[in-house]
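The values are calculated or read from the model by the stated rules, or taken from the named source; none is laboratory data. Keep in mind that what you see is a predicted model, and the values were worked out from it rather than measured. Reconstructed Cβ throughout: ideal geometry from the backbone, glycine too, with neighbour counts over all protein chains shown. Note: areas computed on protein heavy atoms with side chains; ligands, DNA, RNA excluded. Shrake-Rupley method; radii C 1.70, N 1.55, O 1.52, S 1.80 Å.
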Amino acid sequence: MAGLGVRPVDQRGMFVTLILLPITLASAGAAALLNFWLAFRVGLVRASLGGGLGYLDSDLLLARARAHSNFAEYTPFVLILIGAIELAEGPSTWLGGVSAAFLIGRIAHPLGMEGRVVQGRLIGQILAMLALLGLGLYALSLPLRTGATPVAVEHAAAHN
């Protein structure tokens with residue numbers, strides 16, 4: 001397994017790199033870049049206003065700061081749910097689609113808050129809420145639908 005000191009080899013004898021949670025990894029990477037972009041945009045406006053705390057009586061600073069906060073409120077839960085579902089079931093097209101829709105909504109939302117994308121705020125908020133609700137319900141249903149029972153995982157060092 002990758003990360004445990006053993007690397008699988010393909011038919012030609014070449015090492016193969018395995019990625020355990022590819023959708024989660026790609027989603028988290030994209031979310032990190034989006035978070036940087038949102039924070040940077042807040043910083044640009046704040047710097048242009050001379051710095052300071054609060055919203056400095058600026059509607060643009062308020063919109064950008066709230067968009068960044070809104071991202072920080074939804075994204076951790078969505079990423080955790082994507083990771084948990086992918087770990088339980090493996091990667092799937094629908095999970096990648098939900099992730100992509102959520103991230104597109106997280107781009108539309110701040111642009112809509114500034115009035116740059118018509119209905120962007122609404123579209124972004126609806127996509128975030130649907131992703132959170134849908135993933136949450138799906139994750140909750142997994143153990144109920146599959147009749148899964150908890151499995152104890154022993155640490156490898158316990159056997160040495």
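Things to note:
- Selection from the stretch 44-67 of residues that are open to solvent by less than 50 Å² (accessible area, probe 1.4 Å) and either in a helix (DSSP H, G or I) or modelled with pLDDT of 95 or more (or both): Val45, Leu61, Ala63, Arg64, Ala65, Ala67
- Residue match in the stretch 2-22 (condition: within 16 Å of the chain's Cα centre (by Cα) and in a helix (DSSP H, G or I)): yes
- Glu114 touching a residue at least 40 places away in the same chain (Cβ under 8 Å) and over 19 Å from Ser27 (Cβ atoms): yes
- Residues satisfying the stated conditions in the stretch 80-94, i.e. acidic (Asp, Glu) and open to solvent by less than 50 Å² (accessible area, probe 1.4 Å): Glu86
- Contact annotation: residue pairs with Cβ atoms under 6 Å, 6 or more positions apart or on different chains, pairing a residue in the stretch 128-144 that is of a type in the set (Gly, Ala, Ser) with a partner that is surrounded by 12 or more Cβ atoms within 10 Å (Cβ to Cβ), are Ala128/Tyr74; Ala128/Gly105; Ala131/Val78; Ala131/Val98; Ala131/Phe102; Ala139/Leu81; Ala139/Ala84; Ala139/Ile85.
- From the options Phe71, Phe77, residue that is touching a helix residue (DSSP H, G or I) at 6+ places or on another chain (Cβ under 7 Å), open to solvent by 50 Å² or more (accessible area, probe 1.4 Å) and aromatic (Phe, Trp, Tyr): Phe77
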